[in-house]
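The values are calculated or read from the model by the stated rules, or taken from the named source; none is laboratory data. Model, not experiment: these values are computed from the prediction. Neighbour counts are summed over all protein chains in view; Cβ atoms, including those assigned to glycine, are modelled from backbone coordinates with ideal geometry.
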2 protein chains.
Amino acid sequence: MSNQGDREADLCCSPVMREPLSAERAGELARVFKAIGEPVRLRLLSLIASHAGGEACVCDLTGAFELSGPTISHHLKVLREAGVIEGERRGTWIYYRVKPETLGVVSDALAPAEGAVVSA
Amino acid sequence: MSNQGDREADLCCSPVMREPLSAERAGELARVFKAIGEPVRLRLLSLIASHAGGEACVCDLTGAFELSGPTISHHLKVLREAGVIEGERRGTWIYYRVKPETLGVVSDALAPAEGAVVSA
């Protein structure tokens with residue numbers, strides 16, 4: 001079977017694909033997709049997750065962008081409010097890290113269901 | 001190890017999490033996340049994917065929403081332009097189906113990399 005075929009078999013069985021989402025569930029998932037549906041926020045998420053120790057402060061992040069500190073802070077706030085990252089103040093800085101449970105939920109929503117039979 | 005720990009181990013190795021995304025790649029992924037980052041569009045996607053035969057026309061979709069036909073059509077257009085669904089005209093109606101290759105790319109971006117070692 002082609003890769004395309006495999007992919008179709010996979011997606012047919014993901015939670016989003018196998019039955020209609022409720023309005024409530026769609027709202028919860030869409031909130032996270034919207035937060036990461038912006039290139040700067042997606043790059044911030046990736047920078048934080050891949051930074052040494054899995055955490056980063058604004059001081060670690062601003063160098064990657066031609067954006068002001070307040071703009072970066074705004075995007076971090078959107079990610080934080082959607083539950084994608086969390087911040088902890090230590091001394092002068094807030095250190096951000098990814099909340100894996102949130103990303104796991106949206107990843108699982110698009111991923112094949114556990115135990116799904118993928119036809120060969 | 002707790003589920004939370006497993007999840008962290010998974011996400012550390014996904015393409016988005018293990019190294020900083022390029023601006024170009026972030027733009028491509030964010031475009032798709034933005035399209036599905038809206039509750040009505042996410043429900044439309046789910047309705048189309050789970051409909052008999054994996055395809056649906058507007059006539060199959062409007063009943064699920066208290067929204068006008070043109071509003072539904074607008075959301076379908078956004079999904080189509082992001083490459084999430086594709087439409088084929090047959091007779092009076094356009095039949096929409098999910099483009100699994102697009103959803104596969106964003107699902108893979110958040111999913112653990114193939115061959116990643118998940119510590120137990």
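Restricting attention to the range A:60-95, the residues that are of a type in the set (Asp, Glu) and modelled with pLDDT under 95 add up to 2. On the stretch given as the range A:47-91, residues that are in a strand (DSSP E or B) and charged (D, E, K, R) total 5.
Condition (residue is free of Cβ contacts under 8 Å to residues at least 12 places away in the same chain and either more than 7 Å from every other protein chain (Cβ to nearest Cβ) or surrounded by fewer than 19 Cβ atoms within 10 Å (Cβ to Cβ) (or both)) applied to the range B:32-43: is it met by at least one residue? Looking for residues that are free of Cβ contacts under 8 Å to residues at least 12 places away in the same chain and either more than 7 Å from every other protein chain (Cβ to nearest Cβ) or surrounded by fewer than 19 Cβ atoms within 10 Å (Cβ to Cβ) (or both), one finds none in the range B:32-43, hence no.
Taking the criterion of being away from chain B (no Cβ under 12 Å), in contact (Cβ under 8 Å) with a residue 40 or more places away in the chain and of a type outside the set (Gly, Ala, Ser), the residues of the range A:86-113 that qualify are A:95, A:96. Of all residues in the range A:56-84, exactly one satisfies the criterion of being of a type in the set (Asp, Glu) and surrounded by 13 or more Cβ atoms within 10 Å (Cβ to Cβ), namely A:60. Look through the range B:16-31, keep the residues that are of a type in the set (Asp, Glu) and in a helix (DSSP H, G or I), and return whichever of them is surrounded by the most Cβ atoms within 10 Å (Cβ to Cβ). The selected residue is B:28.
If you go through the range A:18-31 and keep only what is free of Cβ contacts under 8 Å to residues at least 12 places away in the same chain and within 7 Å of chain B (Cβ to nearest Cβ), you end up with A:19, A:20, A:21, A:23, A:26, A:27, A:30.
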